[in-house]
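Trainee: The structure follows.
The values are calculated or read from the model by the stated rules, or taken from the named source; none is laboratory data. Just so it is clear, the structure is predicted and the values come from calculations on it, not from any experiment. Don't worry about glycine lacking a Cβ; one is built from the backbone with ideal geometry, like all the others, and counts go over all protein chains shown. These area figures cover heavy atoms from the full protein model, side chains too; ligands, DNA and RNA do not enter into them. Shrake-Rupley method; radii C 1.70, N 1.55, O 1.52, S 1.80 Å.
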Amino acid sequence: MRYLILSAIFLIGMIACSENRTTIKETHNVDGQDFTIRVTTFPTQKALQDFLDDNNYTSESVDGLARWRISKDMQNLKRCDIYVVKPKRAREYDIMQTWGHELVHCVYGSFHMDGVR
């Protein structure tokens, strides 16, 4: 858990400090707030997608998903649930990148441009 938190801090710091970044669209911004993260992992991409489909979380094919529970004024994040594939090896960088991507969704919300993933 400590490594997940440190990785999250590093990732968010890299995004915030990048000189060549473009501004992402934010539906909320809870940068600097404490909140609970619940991570649910799946052994395969198919198992993840089946779970998401069965629970009507998305109709799209995705590598991971973040769902947040936030106050009505979009200011206080209560909890963020992340659904991802569990890495089997330390060098599964595509899976690790998805973990970080979903964490950024927790902090900044829906930042994808329409139709772009």
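Trainee: Please work out if ARG89 is basic (Lys, Arg), exposed (fewer than 14 other Cβ atoms within 10 Å of the Cβ) and modelled with pLDDT under 90.
Mentor: no
Trainee: Among the residues that make up the stretch 59-67, is at least one of them hydroxyl-bearing (Ser, Thr, Tyr) and open to solvent by less than 60 Å² (accessible area, probe 1.4 Å)?
Mentor: no
Trainee: Still on this structure, please answer the following. Can you pull out the residues in the stretch 68-86 that are open to solvent by less than 70 Å² (accessible area, probe 1.4 Å) and either touching a Phe, Trp or Tyr at 6+ places or on another chain (Cβ under 9 Å) or of a type outside the set (Gly, Ala, Ser) (or both)?
Mentor: Selection gives TRP68, ILE70, MET74, LEU77, ARG79, CYS80, ASP81, ILE82, TYR83, VAL84, VAL85.
Trainee: Could you check, for the stretch 20-43, whether at least one of its residues is of a type outside the set (Val, Ile, Thr) and at pLDDT below 55?
Mentor: Checked against the condition, which is being of a type outside the set (Val, Ile, Thr) and at pLDDT below 55, the stretch 20-43 yields at least one hit.
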